[in-house]
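A.B. asks: I'd like to ask you about the structure that follows.
The values are calculated or read from the model by the stated rules, or taken from the named source; none is laboratory data. Please read all numbers here as calculations on a predicted model, not as lab measurements. No Cβ is skipped: glycine too gets one built from the backbone with ideal geometry, and neighbour counts run over all protein chains shown. These area figures cover heavy atoms from the full protein model, side chains too; ligands, DNA and RNA do not enter into them. Shrake-Rupley method; radii C 1.70, N 1.55, O 1.52, S 1.80 Å.
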Amino acid sequence: VLGAAALLCLVDALHAFAIEEKGDVFKRTPCPAFLLFVNTAYLADMTFELPCNCKPQEVSSVIWYFQKTMGSQQTRVLTDFAGTVVVDSGQVRAGSDVLKRFSIRMFSLIVFKAQVSDSGHYLCGTKDGDFFYGYDVDVQPSRDITVAFVDRGQYVQNDYAGDFFNLFTTFWDWTRCDRCGVRGEQRRIGLCYLHSPRLHPRYRTALPNVTSCGSRAVLPPLHDPLSLHRPEVAIRSCLTPCPRTEVPKEGVLAISNVIAKLGRKPWLPRVPTQFHRQDAGTALTIACPGARPEHAVAWDKDQTRLYRSQYLIGVNKSMRVFIDHGNHLHIQGLRARDGGTYFCWREGKMVAGFRLRVTQISRRRRTLHDPETIYALRTIGIGFLIIGSIFIFIHLC
């Protein structure tokens, strides 16, 4: 008993020591005497997190500031001064202002669905204007991204060498296979980086003289050649088995489950399904629940696989159904044959279904009492009066 009690006391002491060490992380991380900006780069529509890596021990809350350029007078405060601004990422719109797309959690700033306009300086400090840590964030556009299909023998763009700089691509790791049990696809995102000895000394980078192409460390004489190199994405096929699931023994399956399976299509997966009705001729965008642009996401329509090699945006100029680089499925000009069930894969697992029904817009004959008819007749009448007045005025003159 005494040994067990001693062991429990030792465990409690170690636990208290771990909590103290975790809470004392800011004491062990001194703030730099001269504020530097740490360079980070992301692709548009991604969500990024910026930790406040240092602060004085007496500071219990931090405020984040956003500046477009160094020394700019237009500084935006990313807090409400009364507490943490919390945002539900599922309700965030990509085109909204950054003030509606951020959250502060445990001194860290989280920006949802970042846009190119969000590029700039982010500073961690207090409401009195004391700054502790700074970031140089570069959000690179995904609209004109270069795509290479490895299975077709395509390769990424070559590096570019200038007089005082070099442009190249830094690739992230390959994503997981977006499907299991069948042929899937993998993506590899690459961002534009620059190597030059002529960088601003106030910016800190992972490698000497290397920074992202949209960084504020790049001096103005080097801005023009940056359009010669764009972000890239490489896509290749993959095949991975699905994880094994325990099959219940014979006779264990409930009668209700057996009845539920009667009349069910054998190929229809058992995933949460949302029902939606949309008018023909309109546009529709479907998002995979819980998916982000950096995730491995795939789409199927019933039993048809919508591979990126055929449905990625930009593969064909006249695409009505396509997948963008943010993993959203777009259908332009809905038709009756677009109806069906669309399934979403996330990180190699099917997670949701979207059953779409396309309805035809009923046509009705307008009467003279409709507001649209009255407006059209009034506009036409005013137009004839103006033209007639001009005609008569010309003849009188």
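A.B. asks: Could you sort the peptides 332-343, 198-209 by per-residue average Cβ neighbour count (10 Å cutoff), highest mean leading? Working shown, then result.
C.D. replies: Values: 332-343: 16.0, 198-209: 13.6.
Final packing ranking: 332-343, 198-209.
A.B. asks: Also, quick follow-up: Note down the accessible area of TYR65, probe 1.4 Å, to the nearest 10 Å².
C.D. replies: Ignoring ligands and nucleic acids, TYR65 comes out at about 20 Å².
A.B. asks: Given H placed on each backbone N at 1.01 Å, which residues far from LEU36 in sequence or on other chains put an amide H within less than 5 Å of it?
C.D. replies: The answer is GLY134.
A.B. asks: Could you grab the relative contact order for the stretch 265-397? Cα pairs under 8 Å, six or more apart, rounded to a whole percent. Mind dumping the intermediate values first?
C.D. replies: Numbers: 192 pairs, mean separation 39.8, N = 133.
Contact order relative to length: 30 percent.
A.B. asks: In nanometres, what is the gap between the two model label sites at ARG357 and SER237, each 7 Å from Cα along Cα-to-Cβ?
C.D. replies: For the pair ARG357/SER237, the computed spacing is 3.8 nm.
A.B. asks: Percent of accessible area on the stretch 277-359 owned by carbon and sulfur, 1.4 Å probe? Show your work: numbers first, answer last.
C.D. replies: Details: 1680 of 3770 Å².
Answer for the stretch 277-359 is 45 percent, counting heavy atoms of protein chains only.
A.B. asks: Also, I was wondering about something else. Near PHE275, within a Cβ-to-Cβ distance under 12 Å, what is the net charge of the other residues, with Lys and Arg +1 and Asp and Glu -1? Don't skip to the end; give the middle numbers.
C.D. replies: Values: positive: ARG277, ARG355, ARG357; negative: none.
Summing Lys/Arg as +1 and Asp/Glu as -1 gives +3.
A.B. asks: Of the listed peptides 38-49, 279-290, 301-312, what is their order by residue-averaged count of other C-beta atoms within 10 Å, with the highest listed first?
C.D. replies: Values: 38-49: 18.9, 279-290: 14.2, 301-312: 16.0.
Most protected by this proxy first, the peptides run 38-49, 301-312, 279-290.
A.B. asks: Heavy atoms of the protein only, probe of 1.4 Å, neighbouring chains included. What is the accessible area of VAL77 in Å², nearest 10?
C.D. replies: Here the accessible area works out near 50 Å².
A.B. asks: Calculate the length of the line joining the C-alpha centroid of the stretch 41-62 to that of the stretch 285-356, in whole Å.
C.D. replies: 33
A.B. asks: A follow-up question, please. Starting from 0.36 nm per residue, how many nanometres of slack lie between THR273 and ARG320 once their C-alpha separation is accounted for? Working shown, then result.
C.D. replies: Details: separation 47, 0.36 × 47 = 16.92 nm, distance 2.38 nm.
So the chain would gain 14.5 nm between THR273 and ARG320.
A.B. asks: Right, here's the next one. At a threshold of 8 angstrom on Cα-Cα distance, excluding pairs fewer than six apart, so keeping six or more, what relative contact order does the stretch 146-240 reach in percent? Write down the numbers at each step before the final one.
C.D. replies: Details: 177 pairs, mean separation 36.4, N = 95.
Value for the stretch 146-240: 38 percent.
A.B. asks: Expressed as a whole percentage, what fraction of the accessible surface of the stretch 146-240 belongs to carbon and sulfur atoms when a 1.4 Å probe is rolled over the protein heavy atoms? Display every interim value, and only then the final one.
C.D. replies: On the way: 2700 of 5130 Å².
Carbon-and-sulfur percentage of accessible area, whole number: 53.
A.B. asks: Using a Förster radius of 30 Å, what is the FRET efficiency between LYS127 and ALA206 based on their Cβ-Cβ separation? Nearest 0.05, please.
C.D. replies: Working: r = 31 Å, r/R0 = 1.04.
With R0 = 30 Å, the Cβ-Cβ based efficiency is 0.45.
A.B. asks: Can you put GLU232, GLU294 in order of accessible area, largest first, using a 1.4 Å probe?
C.D. replies: On the way: GLU232 0, GLU294 50 Å².
Putting GLU232, GLU294 in descending order of accessible area: GLU294, GLU232.
A.B. asks: If you build the Cα gyration tensor of the stretch 277-359 and take the root of 5 times each eigenvalue, what three semi-axes come out, in whole angstrom, biggest first? Intermediate results must be reported in sequence, preceding the final value.
C.D. replies: Details: eigenvalues 77, 48, 24 Å².
Equivalent-ellipsoid dimensions as semi-axes: 20, 15, 11 Å.
A.B. asks: Which net charge results when you count Lys and Arg as +1 and Asp and Glu as -1 among the other residues whose beta-carbon is under 14 Å from that of VAL351? Walk me through the numbers before you get to the answer.
C.D. replies: Working: positive: ARG176, ARG179, ARG270, ARG292, ARG346, LYS349; negative: ASP178, ASP300, GLU347.
Once positives and negatives cancel, what remains is +3.
A.B. asks: So how much accessible area does VAL321 have, in Å² to the nearest 10, using a 1.4 Å probe?
C.D. replies: That residue has around 30 Å² of solvent-accessible surface.
A.B. asks: Can you work out the PRE-style zone for ASP173? Point 7 Å along Cα to Cβ, and I want the residues of the stretch 323-365 with backbone N under 16 Å.
C.D. replies: 347-348
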